[in-house]
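Step one of this worksheet: look at the structure below.
The values are calculated or read from the model by the stated rules, or taken from the named source; none is laboratory data. Predicted, not measured: the structure shown is a model, and the values here were computed from it. Here the Cβ is made from the backbone with ideal geometry for all residues, glycine too, and neighbour counts use every protein chain on show.
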């Protein structure tokens with residue numbers, strides 16, 4: 001019995017991780033294609049709409065644009081705050097229906113001072129909070145002051161494409177839609193070791209097909225929107241505010257949709273070390289959501305629950321599954337004197353050691369082949385999840401809201 005259990009753990013842990021990273025995208029693509037194919041058949045025989053998202057961004061007439069509130073919490077963003085506000089004011093959206101609520105969360109640089117330059121513009125509500133309370137508290141405060149029916153969330157170091165706001169807001173023509181997430185395009189990183197841009201392209205692929213099957217997960221914090229009536233205040237120590245805000249909408253029974261034509265730009269950190277810090281912070285938020293919000297699994301659609309487990313839960317727990325698989329393999333090799341299990345354990349350990357070595361080399365600025373850099377990035381990503389789980393379990397994540405290059 002113990003032997004069987006150990007074998008299941010040794011093989012199942014690796015299979016689960018391989019499924020999440022490699023097989024799930026294929027499964028998702030196939031399901032999405034079948035889903036669209038059935039709609040095509042329904043269109044031919046019953047004349048039903050053949051597209052999952054019938055409303056298009058270009059179908060809205062000018063008089064129909066609703067008032068919109070853009071909410072941004074900023075901390076030590078003196079480099080970005082002025083061009084960010086200018087970017088918002090230059091968007092292709094009726095000026096009398098747009099208002100930006102921007103809060104400086106006790107910034108220690110000139111962020112609050114620079115924001116004050118825009119106080120004379122009725123489209124800008126600049127709030128220089130003196131005490132640093134954390135992003136979640138600032139968002140709760142800012143949204144409580146809004147009256148507009150659509151609330152758009154973004155970051156201080158993100159820049160919207162000129163027509164992004166119209167394309168984002170237009171999806172709310174469908175009364176079933178409760179939230180819309182846009183697309184983030186990462187810039188830079190021509191010479192760095194961070195493979196996040198490649199990882200992000202894969203994430204965009206998953207997001208597109210998850211949306212196609214009705215299982216979109218969360219939102220992209222750089223550019224997303226919800227109906228004001230669906231807003232639920234978040235806990236002050238919430239780290240992944242964008243994920244929780246959007247998933248609250250989904251758990252309440254409303255649709256989340258993806259609009260890739262509504263896009264924003266943001267710089268990519270050059271080095272993996274900078275990205276690991278960000279990933280640890282996000283990882284803490286991931287485990288917060290997993291433990292605190294079981295409704296994201298139990299009260300969402302079957303498609304969302306399927307995507308949540310496959311795309312999120314298995315990835316967040318991937319390092320734990322791999323360590324358990326390695327430990328079980330070693331136990332089987334030692335307990336049974338099995339050469340097969342010993343070889344399996346050595347192969348696992350060697351793979352992790354090689355990825356760790358690649359990570360160390362990239363940290364020292366050594367130029368490596370793309371495949372090695374990608375392996376190093378995945379090692380760093382899973383290391384971040386491991387550290388994040390420990391910090392969450394021990395409650396050591398105060399001060400997780402801070403400045404990074406992203």
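Within region 293-302, work out how many residues are under 15 Å from residue 212 (Cα atoms) and touching a helix residue (DSSP H, G or I) at 6+ places or on another chain (Cβ under 8 Å).
Total satisfying the criteria: 1.
In region 21-35, is there at least one residue being over 19 Å from residue 210 (Cβ atoms) and without any contact (Cβ under 8 Å) to a residue 24 or more places away in the chain?
no
Can you spot a residue in region 306-317 that is farther than 30 Å from residue 1 by Cα, touching a residue at least 60 places away in the same chain (Cβ under 8 Å) and not in a helix (DSSP H, G or I)?
No - not one qualifying residue is present in region 306-317.
Is at least one residue of region 119-134 under 21 Å from residue 266 (Cα atoms), in contact with a strand residue (DSSP E or B) (Cβ under 7 Å, 6 or more places away or on another chain) and not in a loop (DSSP other than H, G, I, E, B)?
No: zero hits.
Name the residues in region 67-103 that are in contact with a helix residue (DSSP H, G or I) (Cβ under 8 Å, 6 or more places away or on another chain) and either farther than 21 Å from residue 163 by Cα or without any contact (Cβ under 8 Å) to a residue 24 or more places away in the chain (or both), would you?
73, 74, 75, 76, 77, 78, 103
Name the single residue that is modelled with the highest pLDDT among those in region 56-75 being in a loop (DSSP other than H, G, I, E, B), out of contact with any strand residue (DSSP E or B) (no Cβ under 8 Å at 6 or more places or on another chain) and surrounded by 10 or more Cβ atoms within 10 Å (Cβ to Cβ).
Selected residue: 65.
Does residue 387 satisfy being closer than 30 Å to residue 80 by Cβ, modelled with pLDDT of 90 or more and assigned to a helix (DSSP H, G or I)?
For residue 387, the condition - closer than 30 Å to residue 80 by Cβ, modelled with pLDDT of 90 or more and assigned to a helix (DSSP H, G or I) - is met.
With respect to the numbered conditions (1) within 23 Å of residue 79 (Cβ to Cβ); (2) in contact with a strand residue (DSSP E or B) (Cβ under 6 Å, 6 or more places away or on another chain); (3) assigned to a helix (DSSP H, G or I), which one is the sole condition not fulfilled by residue 167?
(1)
If I filter region 129-144 down to residues being closer than 19 Å to residue 84 by Cβ and touching a residue at least 40 places away in the same chain (Cβ under 8 Å), which single residue comes out as surrounded by the fewest Cβ atoms within 10 Å (Cβ to Cβ)?
Within region 129-144, the match that is surrounded by the fewest Cβ atoms within 10 Å (Cβ to Cβ) is 143.
On the given criteria, is residue 106 more than 27 Å from residue 64 (Cβ to Cβ), in contact (Cβ under 8 Å) with a residue 24 or more places away in the chain and out of contact with any helix residue (DSSP H, G or I) (no Cβ under 7 Å at 6 or more places or on another chain)? Can you show your working first?
Working: more than 27 Å from residue 64 (Cβ to Cβ): yes; in contact (Cβ under 8 Å) with a residue 24 or more places away in the chain: yes; out of contact with any helix residue (DSSP H, G or I) (no Cβ under 7 Å at 6 or more places or on another chain): yes.
Yes; evaluated as a whole, the condition is true for this residue.
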